[in-house]
Amino acid sequence: MSSHDINVRHVARLARLALTEDEIKTFEGQLGRVLEHIDLLKKLDVTDVEPTAHTHPVYNVTREDVPGPSLPRETVLANAPRTANNLIIVPKVVE
Amino acid sequence: MDLATLTLDELQKGFRAKAFTPVDVLRTLELRIESTEPSVHAFLTRDFQEALKAAEHADVSLPLGGLPIGIKDAINVKGHPCTSASRILEGYLAPYDATVIARLKTAGAIPFGRLNMDEFAMGSSTENSSAHITTNPWDSSRIPGGSSGGSAAAVTSLELPAALGSDTGGSIRQPASLCGCVGLKPSYGRVSRYGLIAFASSLDQIGPLARSTRDCAMILNAIAGRDPMDSTSLDLPEEDFTARLDQDLKGVRLGIPKEYFVEGINPAVRATVESAIKKCSDAGAELVEISLPHTEYAVSVYYIIATAEASANLARFDGVRYGKRAENPKDLMDLYLRSREEGFGSEVKRRIILGTYVLSSGYHDAYYLRAQKVRTLIRRDFEAAFEKVDAIVCPTSPEVAFPIGERANDPLKMYLADIYTIAANLAGICGISVPCGLAEDRGAKLPVGLQFLAKSLDEAKLLGIANAYESVSGWKDIVSPI
């Protein structure tokens, strides 16, 4: 296993994404080449460099805690795949 | 006079002089759209009757009164479909207006139609749309660029005077370049992202595509500003972005990054861009060679950060609260796995996998954290450059529009073509692509864009420089073949 081998089957599971055997094979090849390219970054010395998460760091942005109108329940539920009694229906989670 | 050929500014003058009305314009555009759409396919859907009703009541004294503006399918317009060109959002109706839409409406504009794009804005060709392929108005066998390909194609085929797009790594500027219109990516934080379906939250920014720099400035005036619904939007003094459009290029210092004119650029594109830069210098600009030493790392940094953020943002599409749900799931895990499998296209899956991988246990520091550190170095390159120059001038894309299907199986090659646009998103600065001429590729003549980049929040200066170039570019004499 070279350093650019990516275990697509495992990662897909983490991402909650089912893939076909063909997709797994294709992605392993394509993403292996992308990771090989990305290895460029290892050439750089980044000791003592601060990471950038946002280009304009703004911290603790809060707004007044004032109640306001929310979206109507029926508008929100209209986009749900399955509903009943103003609730979203999902498969049983707890046995 | 063909109303479809007019810019926003010209339409507005006509409205106010009572030469024609917003209804006249919409009726003209609808005819135009009917004749060009069978080959361009820029729209996913459009509601002409609703727009007509808005046009009938338009107040043309407002800043954008009565002007139709097309909307990329990633931006919510209340009551309309909003799918980001993905199967997973089939049937979804936007329950609210994005802040940019609310602001356009307040300014009197008429948001019109849903414009095609690469699924979730992931792509550079609009071939990743789950709906259909949009073609380049200059050559229907070629791609319009992407991801805002529908927006660029609609504007250049004279279906609409202007449109909104979104730009995460070049998705406004690159299609503007490949189709031959103006596309502006504002600085990060300039425009609210509330109501834009998120791709990479630290890079995404909404901006205009139009047929002139002035029109982009007019739209930016309407959509910019702090929004309590987006904590990353910046609280800045109000600014008129059209204020510096009368400036010329005399004494303007333009930086030419030496790293941008090396390998990988199509020679015809290079020649077109170099002659455009010469026009800037003939018009009085001072050309300064600069260095952006970390250029070669930008694509790698981008594809780590953008996919990492995307993998988190797209976790919300799980088949539970909205969007597509797989039939007869045997349990909740099966519902997640299959709803996402059936709902997402290949490129989106590929990027979710890459993004999940670079964030996963054991790899986070080697990839994601390192990429964020190199992002700092890229940002510093630009800060140092803008000490010496007013703006940077360079190609928008190393190539012209390529034939449909040519890149489909080579994602790395597609990613590498983003080299000139992605650094602006990583650094949070503003950038604009302006048409600068045609270059020949395998017998076809295709548009080339010239990109100007300016430091963060320097849009007024950027637009002034772009507009001054536009007036000497000679582009107005070039007529689109469609």
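Please determine, by comparing only the residues of region A:1-22 that are more than 19 Å from the chain's Cα centre (by Cα) and at pLDDT 95 or above, which one is nearest to the other protein chains (Cβ to nearest Cβ).
Taking the candidates together, the pick is A:20.
Among the candidates B:314, B:287, B:369, B:337, the residue that is surrounded by fewer than 19 Cβ atoms within 10 Å (Cβ to Cβ), within 10 Å of another protein chain (Cβ to nearest Cβ) and of a type in the set (A, V, I, L, M) is uniquely B:369.
The residues listed here are B:387, B:440; of these, the one that is in a strand (DSSP E or B), surrounded by fewer than 18 Cβ atoms within 10 Å (Cβ to Cβ) and away from chain A (no Cβ under 14 Å) is B:440.
For region B:227-267, the tally of residues that are modelled with pLDDT under 95 and of a type in the set (Phe, Trp, Tyr) stands at 2. Across region B:340-359, the qualifying residues are those that are of a type in the set (D, E, K, R) and more than 7 Å from every other protein chain (Cβ to nearest Cβ), and the one among them that is surrounded by the fewest Cβ atoms within 10 Å (Cβ to Cβ) is B:342.
From the list B:426, B:462, B:450, B:457, the lone residue that is hydrophobic (A, V, I, L, M, F, W, C) and surrounded by fewer than 24 Cβ atoms within 10 Å (Cβ to Cβ) is B:457. When B:176, B:163, B:154 are screened for being touching a residue at least 60 places away in the same chain (Cβ under 8 Å), within 15 Å of the chain's Cα centre (by Cα) and in a strand (DSSP E or B), only B:163 passes.
When region A:1-25 is filtered for residues that are surrounded by 18 or more Cβ atoms within 10 Å (Cβ to Cβ) and hydroxyl-bearing (Ser, Thr, Tyr), nothing remains. Residue B:90 falls short on exactly one of the conditions (1) within 24 Å of residue B:158 (Cα to Cα); (2) out of contact with any Gly (no Cβ under 7 Å at 6 or more places or on another chain), and that condition is (1).
At positive phi and at the interface with chain A (Cβ under 8 Å from one of its Cβ atoms): which single residue out of B:319, B:362 fits that description?
One residue alone meets the criteria, B:319.
The values are calculated or read from the model by the stated rules, or taken from the named source; none is laboratory data. No experiment lies behind these values; they were computed from the predicted model shown. Methodologically, a virtual Cβ is constructed for each residue, glycine included, from the backbone with ideal geometry; neighbour enumeration extends over all protein chains shown.
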